[in-house]
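Engineer: Handing you this structure, nothing more for now.
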């Protein structure tokens, strides 16, 4: 019929890789370049092979008031426009992939990003992402309370508690969507907590440590 067509790649010998508009034919070409060839051809026809999705990460999640957080968009697909909203931040909105937001008021705040490619859009939000403290007298950030090493990590991480509490220490690791992936408790007198991280996929995570005296979060990169 008029809808039938053939997609082919000339690699030494002429080989058909698909036939019919539904790509329902038999795949004869099994070389390593087949998937990339098909992706480019579908892009040429106007089919969306990489769905648009928004994602972002901050460089800090636990700060003192008056400090600035740098964000970075890492969206999939061909995003053409970026629209940010920052609860408690100045400015409260931003356009562009790399915003820098200042926080003047203590509290716990959310952030969201909407990306657009001219045809479709996608929104990604993180609730309770940024914790802003008064930090009166002493800088009251995660770095003064605990450190993570190695970071980036692969198989395991060590959390060194610099301000241990009297009771147990609770540690959680969540992805950038807020889904909790690891949760454990350790005696309050423990200064070093070793956590296997080989179950985590490559990417960025938020590590939260809570004692009876304080609560702080920091980012972790798994490679």
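Engineer: For the pair residue 185/residue 123, report the inter-label distance in nm, with labels modelled 7 Å from Cα in the Cβ direction.
Structural biologist: Spacing of the two 7 Å Cα→Cβ label points: 3.8 nm.
Engineer: Could I ask something else about it? What per residue convex hull volume, in Å³, comes out for segment 144-222 when only alpha-carbon positions are used?
Structural biologist: Spelled out: Cα convex hull of segment 144-222, divided by residues, is 76 Å³.
Engineer: Next question, about the same structure. Using 0.36 nm times the number of residues separating residue 214 and residue 163, minus their current alpha carbon distance, what extension gain do you get? Numbers along the way, then the final one.
Structural biologist: Values: separation 51, 0.36 × 51 = 18.36 nm, distance 0.87 nm.
This chain segment gains 17.5 nm when fully extended.
Engineer: Just how far, in whole angstrom, is segment 154-223 from segment 51-103 if you go by their alpha carbon centroids?
Structural biologist: 24
Engineer: Given a Förster distance of 22 angstrom, what is the FRET efficiency for residue 199 paired with residue 98, based on the Cβ-Cβ distance and rounded to 0.05?
Structural biologist: Values: r = 31 Å, r/R0 = 1.41.
Step by step, r from the Cβ atoms, then E = 0.10.
Engineer: If you don't mind, there's one more thing I want to ask. Just subtract the alpha-carbon distance of residue 74 and residue 172 from 0.36 nm times their residue separation and send over the number in nm, one decimal. Please report the intermediate quantities before stating the final value.
Structural biologist: On the way: separation 98, 0.36 × 98 = 35.28 nm, distance 2.37 nm.
Stretched fully, the residue 74-residue 172 segment lengthens by 32.9 nm.
Just so you know, all these numbers are worked out from the coordinates, no wet-lab data involved. Just so it is clear, the structure is predicted and the values come from calculations on it, not from any experiment. FYI the Cβ positions are ideal-geometry reconstructions off the backbone, even for glycines, and counts take in every protein chain you see.
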